[in-house]
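Only one structure is covered here, and it is reproduced in the block below.
The values are calculated or read from the model by the stated rules, or taken from the named source; none is laboratory data. Everything numeric in this text was worked out from a predicted model, so none of it was measured. FYI the Cβ positions are ideal-geometry reconstructions off the backbone, even for glycines, and counts take in every protein chain you see. Areas reflect the complete protein model, heavy atoms only, side chains present, ligands, DNA and RNA absent. Shrake-Rupley method; radii C 1.70, N 1.55, O 1.52, S 1.80 Å.
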Amino acid sequence: MHRRGFLAAGLATVLVSRRAAAQMKMDNMPGMGGHAGHDMGAAPQGAAALPEGEALPEGEALRELRLLANEANTPGLLKAKLTAEPAIARYAEGIDTPILGYNGMSPGPLIEATEGDRVEITFANRIPDAASTIHWHGMPVPADQDGNPMDPVAAGSERSYSFDLPEGSAGPYWYHPHPHGKTAEQVYRGLAGVFLVKPKADPIPAEYGDTVLVFTDLRLAADGTMPDSTMVDLMNGRVGDHVLVNGQKNPALTVPFGTRRRFRLYNATNARFLRLSFDGAPMTIIGTDGGLLEAPVAADDILLSPAERLELVVSFDKPGPATLYTLDYDRGWMGAGRPADTGLTLLTVNVSETPAEPVPPLPEKLRSIAQLDSPTVNRRFVFTETMTMGATDMEMGFLINGAAFDMNRVDIVAKAGEIELWEIVNKADMDHPLHVHGTQFQVVERERDGQVSKAPYLAWKDTVNVARGETVRLLLRQERPGPRMYHCHILEHEQLGMMGIVDVQA
Ligand SMILES: [Cu+2]
């Protein structure tokens with residue numbers, strides 16, 4: 001069948017290949033609700049929902065993430081334990097949802113360290129029958145501490161992750177599992193947490209506070225369990241029915257008018273693109289994945305693709321509600337069931353009549369970023385999606401330079417310390433956010449239909465959305481030797497092959 005014909009036909013009519021079917025056989029998780037069957041059909045988004053009359057509560061006070069306790073008494077050392085384990089969450093009154101949590105929580109505990117610190121975290125995998133890892137997303141850690149798929153931690157076992165946080169590495173990082181073939185499921189079932197590295201001296205006024213907002217995506221069946229993924233989920237990436245902020249639906253925050261608040265926004269969803277704006281409160285971007293910008297940049301709206309982060313300062317200058325809501329963004333969708341994701345209210349800030357104490361202005365200069373320049377290596381990566389209909393089945397592939405991920409194949413050999421220009425060409429029908437492990441990079445420009453646009457500001461990033469039909473050019477330097485992953489951060493696409501390995505040599 002021709003590709004377009006396949007798309008027009010919709011998913012309900014296609015047969016599933018043995019390979020795709022194998023990918024869908026996510027293990028039943030003992031104690032996790034015991035889903036017996038696997039829905040191979042095209043269940044539309046929202047088909048699985050809470051019973052009538054049941055809804056997730058909205059408007060509760062925004063919860064702060066619980067801090068991971070530091071067991072060390074030595075300054076400059078963070079020593080702690082993280083356990084991935086089955087837990088029960090209560091998203092709606094009277095309904096228990098089996099989840100996976102870090103230390104029983106989803107999102108996991110907030111990890112806070114300061115640049116220059118040493119980190120030693122013991123990880124215990126108590127997920128029944130599944131390997132896991134902890135990947136320290138965006139953080140400058142050695143390859144053998146990065147929680148790559150090559151270093152699985154078997155069910156029931158432990159390992160220690162240890163690394164030093166270099167000076168200048170302050171930024172809004174996060175942590176999540178990265179086991180081969182299991183990342184998508186472990187993340188949508190609840191495993192993700194925030195790792196903030198703070199600078200020794202912060203140019204952002206302390207009066208602005210520091211509020212972390214982690215977005216996750218929840219789908220609940222009528223019995224309160226999280227349904228397994230369908231074909232639609234695997235192809236598009238799993239999008240849930242509820243976007244949660246710190247585990248809550250549309251929570252509320254009350255502030256005096258005149259408040260300036262620092263927010264750190266995290267897209268920890270598997271596959272949801274969040275184009276956001278604050279209704280009634282101007283936003284200023286102050287930082288990206290790898291920390292602060294050189295100078296603040298005003299923004300009307302922002303796009304946060306899966307795994308991206310942004311730091312904002314928001315000014316609440318008039319009394320009344322100010323809402324953080326989603327705008328339309330078409331990231332490309334295959335088949336039926338594109339979720340209605342425009343106009344969702346994610347957070348409500350109630351600005352009171354009481355004026356705030358005057359606060360210092362945002363500095364004009366936040367820090368210096370050394371611009372990467374003069375690459376000695378040029379590389380090109382082409383993203384494609386393949387759908388091949390055979391006589392009896394269909395093969396799906398999410399490919400980089402025509403190849404699906406192979407753990408035993410090194411795709412690129414690089415040299416530590418060398419600056420490389422990466423050109424990422426998206427010839428597919430969906431956007432694919434590229435994440436590179438081990439370093440931060442600088443986006444140079446984007447090209448579409450021969451039109452080139454320069455990056456709006458110099459910034460450190462570890463994840464960049466490559467829109468369909470677009471080419472993104474970025475500069476990157478790996479400084480630590482060892483194998484590193486690069487992949488699409490729609491986690492289902494990573495699982496279905498859109499990942500490669502760069503071996504960085506000393
Ligand atoms: Cu993708």
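With a ≥ b ≥ c taken as the square roots of the eigenvalues of the C-alpha gyration tensor of the range 206-355, please select rounded if a/c is under 1.5 and otherwise prolate if a/b is larger than b/c or oblate if it is not? Let's see the in-between values first.
Details: a/c = 2.22, a/b = 1.70, b/c = 1.31.
Since a/c reaches 1.5 and a/b is larger than b/c, the shape of the range 206-355 is classed as prolate.
Under a Cβ-only charge scheme (Lys and Arg +1, Asp and Glu -1), can you give me the dipole magnitude of the range 206-355 about the Cα centre, in debye to the nearest 20?
On the way: 13 positive and 19 negative charges, 22 e Å.
The calculation lands at about 100 debye.
Can you show me the helix-derived [θ] at 222 nm for the chain, built from DSSP H runs with n ≥ 4 at -39,500 (n - 2.57) apiece and divided by the number of residues, rounded to the nearest 500.
Values: 5 runs with 31 residues, N = 506.
After summing the helix terms and dividing by the residues of the chain, the value is -1500 deg cm²/dmol.
Quick one: Cα convex hull volume of the range 377-505, Å³ per residue?
Details: hull volume 13.5 nm³, N = 129.
Each residue corresponds to 105 Å³ of Cα convex hull volume.
Give the carbon-plus-sulfur fraction of the accessible surface of the chain in %, rounded to a whole number; probe 1.4 Å, heavy atoms of protein chains only. Can you show the working numbers first?
On the way: 9750 of 19360 Å².
For the chain, the apolar C and S fraction of the accessible surface comes to 50 percent.
Using alpha carbons only, how many angstrom separate the centre of the range 424-480 from the centre of the range 188-220?
23
Once amide H atoms are built 1.01 Å from N in the peptide plane, which residues 5 or more positions from LEU68, or in another chain, come under 5 Å H to H?
Sorted by chain and number, the residues that satisfy this are LEU110, ILE111, GLU112.
Under the √(5λ) rule applied to the eigenvalues of the Cα gyration tensor, what semi-axes describe the equivalent ellipsoid of the range 77-198? Give them in Å, descending. Working shown, then result.
Working: eigenvalues 120, 56, 27 Å².
Values for the range 77-198, descending: 25, 17, 12 Å.
Quick one: how many Å² of MET283 are accessible to a 1.4 Å probe, rounded to 10?
10
Hey, how much of the P(r) for the chain falls beyond 29 Å, as a percent of Cα pairs?
On the way: 62959 of 127765 pairs.
Result: 49 percent of Cα pairs exceed 29 Å.
For the full complex of protein chains and a 1.4 angstrom probe, list TRP422, TRP333 by accessible area with the highest value first. All intermediate terms of the calculation are to be shown ahead of the outcome.
Details: TRP422 5, TRP333 45 Å².
Ranked list, largest accessible area first: TRP333, TRP422.
Rank these by accessible area, largest first, 1.4 Å probe: MET235, MET389.
Values: MET235 0, MET389 55 Å².
Final ranking, largest accessible area leading: MET389, MET235.
Beta carbons within 10 angstrom, averaged per residue: use that to sort the peptides 477-488, 186-197, highest first. Walk me through the numbers before you get to the answer.
Numbers: 477-488: 20.9, 186-197: 24.1.
In descending order of packing, they fall as 186-197, 477-488.
Kindly list the residues of the range 450-481 that lie in the label zone of VAL377, defined by a backbone N under 20 Å from the point 7 Å along the Cα-to-C-beta vector.
Within reach of a label on VAL377: 461-464, 472-481.
For TYR161, TYR91, write out the residues from largest to smallest accessible area, computed with a 1.4 angstrom probe and no ligands counted. Present the calculation step by step, with values, prior to reporting the outcome.
Numbers: TYR161 0, TYR91 35 Å².
Putting TYR161, TYR91 in descending order of accessible area: TYR91, TYR161.
Once the other residues with Cβ under 11 Å from the Cβ of ALA281 are scored (Lys, Arg +1; Asp, Glu -1), what is the net sum?
Working: positive: ARG260, ARG261, LYS318; negative: ASP279, ASP317.
Here the count lands on +1.
Return the loop-located GluC sites (Glu not before Pro) in the range 290-386 (DSSP other than H, G, I, E, B) with at most 16 other Cβ atoms within 10 Å of their own Cβ; answer none if there are none. Don't jump to the answer; show the numbers that get you there.
Details: sites: GLU294, GLU308, GLU311, GLU353, GLU364, GLU385; in loops: GLU308, GLU364.
Counting only loop positions with at most 16 other Cβ atoms within 10 Å, the GluC sites (Glu not before Pro) in the range 290-386 are GLU364.
Per residue, how many Å² of accessible area does the range 429-494 show with a 1.4 Å probe?
Details: 2030 Å² over 66 residues.
Averaged over the residues of the range 429-494, the accessible area is 31 Å².
State the answer as a single residue: which of LEU82, TYR175, VAL141 lies farthest towards the positive end of the charge dipole of the chain, with beta carbon charges of +1 for Lys and Arg and -1 for Asp and Glu, about the Cα centre.
VAL141
Over the range 77-198, average the accessible area per residue using a 1.4 Å probe and give it in Å², no decimals. Mind showing how you got there, number by number?
On the way: 3410 Å² over 122 residues.
Computed with neighbouring chains in place, this is 28 Å² per residue.
Which ³J(HN,Hα) values, rounded to whole Hz and listed in residue order, are derived for the range 273-290 from phi using the Karplus coefficients 6.51, -1.76 and 1.60 in 6.51 cos²θ - 1.76 cosθ + 1.60 with θ = phi - 60°, glycine and proline given as x?
Residue by residue, the range 273-290 yields 8, 10, 9, 10, 8, 9, 6, x, 8, x, 10, 10, 7, 10, x, 10, 3, x Hz.
Under 15 Å from the Cβ of LYS81, count the other residues' Cβ atoms, weight Lys and Arg +1, Asp and Glu -1, and hand me the total. Walk me through the numbers before you get to the answer.
Working: positive: ARG66, LYS79, ARG126, ARG159; negative: GLU71, GLU85, GLU120, GLU158.
It works out to a net charge of 0.
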